[in-house]
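The values are calculated or read from the model by the stated rules, or taken from the named source; none is laboratory data. This one's a predicted model, so the numbers in the text were calculated from it and none came from an experiment. Here the Cβ positions follow ideal geometry from the backbone for every residue, glycine too, while neighbour counts run over all protein chains shown. Ligands, DNA and RNA are excluded from the accessible area calculation, which covers all protein heavy atoms including side chains. Shrake-Rupley method; radii C 1.70, N 1.55, O 1.52, S 1.80 Å.
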Amino acid sequence: MKRKFVALTSIFSVFAFVLIGCSDDDSETITIDTALPVGNFEVDRQGDLVAESGTPTQGTVQLGTDSEGTDFLRFSDDFTTELGTGTVAIFLSTSATYTADPANGNPDLRLIGNVASNGEMFIKLDGAPEAKFTHIILWCATASIPFGNAELQ
């Protein structure tokens with residue numbers, strides 16, 4: 001009985017280590033607030049997504065505020081990207097190129113959430129993004145490739 005317990009405990013420990021050790025998400029946890037805008041949504045900047053890495057990414061992204069002055073990122077109702085590969089992260093960026101610096105962090109790249117589904121989606125932001133952020137990048141952490149980007153104008 002004791003041997004079975006030790007064997008099961010060992011198997012469980014290895015399994016838990018594999019699950020934790022194989023995670024490709026070394027970044028902080030981001031809680032997405034999917035609250036909808038109140039009243040009118042006024043667009044400040046927007047851009048059309050350009051597909052990358054052979055994905056079906058398309059649609060429009062918009063930065064704007066609602067009637068209460070709350071900032072949001074909106075994906076249009078025709079938004080589409082590849083969702084079968086794992087996590088597709090949404091970044092604000094100072095360029096169309098994803099450039100991570102895991103050891104130091106990259107001040108030109110700001111994670112704001114993950115794609116939940118295709119179609120219209122609002123992500124409530126903590127304040128207006130700095131003007132230096134000129135692009136939205138969709139990054140697939142699982143495959144380490146960009147799925148698309150949009151220049152915000």
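Condition first: open to solvent by less than 40 Å² (accessible area, probe 1.4 Å) and in a loop (DSSP other than H, G, I, E, B). Now tell me which residues in segment 74-95 satisfy that.
Result: SER76, PHE79, THR81.
Of all residues being part of a loop (DSSP other than H, G, I, E, B) and either among the aliphatic types (A, V, I, L, M) or at pLDDT 95 or above (or both) in segment 118-128, which is farthest from the chain's Cα centre (by Cα)? Just the residue, please. Give the derivation first.
Filtering segment 118-128 for residues part of a loop (DSSP other than H, G, I, E, B) gives 118-120, 125-128.
Then keep just the ones that are either among the aliphatic types (A, V, I, L, M) or at pLDDT 95 or above (or both); that gives 118-120, 125, 128.
Working: ASN118: 13, GLY119: 15, GLU120: 15, LEU125: 13, ALA128: 17 Å.
Going through the qualifying residues, I end up with ALA128.
What's the number of the only condition in (1) of a type outside the set (Phe, Trp, Tyr); (2) under 18 Å from ASN149 (Cβ atoms); (3) assigned to a loop (DSSP other than H, G, I, E, B); (4) without any contact (Cβ under 8 Å) to a residue 60 or more places away in the chain that GLU68 fails to meet?
Condition (2) is where GLU68 drops out.
Is it true that ALA143 is closer than 22 Å to LEU36 by Cα, modelled with pLDDT under 95, open to solvent by 30 Å² or more (accessible area, probe 1.4 Å) and among the aliphatic types (A, V, I, L, M)?
No: the conditions fail for ALA143.
Out of ASP71, ASP66, ASP101, I need the residue that is acidic (Asp, Glu) and crowded, with 18+ Cβ neighbours inside 10 Å. Which one? Full working, then the answer.
Values: ASP71 fails: crowded, with 18+ Cβ neighbours inside 10 Å; ASP101 fails: crowded, with 18+ Cβ neighbours inside 10 Å.
Being acidic (Asp, Glu) and crowded, with 18+ Cβ neighbours inside 10 Å holds for just one of ASP71, ASP66, ASP101, which is ASP66.
Among the residues of segment 134-149, which ones are in a strand (DSSP E or B) and either aromatic (Phe, Trp, Tyr) or out of contact with any Asp or Glu (no Cβ under 6 Å at 6 or more places or on another chain) (or both)? Talk me through it step by step, then tell me what you get.
The initial filter retains those residues of segment 134-149 that are in a strand (DSSP E or B), namely 135-140, 145-149.
Selection gives ILE136, ILE137, LEU138, TRP139, CYS140, ILE145, PHE147, ASN149.
Of the residues ALA131, ALA100, only one is farther than 20 Å from PHE41 by Cα and part of a loop (DSSP other than H, G, I, E, B); which? First the steps, then the outcome.
On the way: ALA131 fails: farther than 20 Å from PHE41 by Cα.
Unique residue meeting the criteria: ALA100.
Looking at (1) under 17 Å from the mean Cα position of the chain (by Cα); (2) modelled with pLDDT of 95 or more; (3) more than 18 Å from THR87 (Cβ to Cβ), which is the one condition that is false for ALA35?
For ALA35, the failing item is (2).
Please verify whether VAL50 is open to solvent by 40 Å² or more (accessible area, probe 1.4 Å) and touching a strand residue (DSSP E or B) at 6+ places or on another chain (Cβ under 9 Å), treating the condition exactly as stated.
Numbers: open to solvent by 40 Å² or more (accessible area, probe 1.4 Å): yes; touching a strand residue (DSSP E or B) at 6+ places or on another chain (Cβ under 9 Å): yes.
For VAL50, the condition - open to solvent by 40 Å² or more (accessible area, probe 1.4 Å) and touching a strand residue (DSSP E or B) at 6+ places or on another chain (Cβ under 9 Å) - is met.
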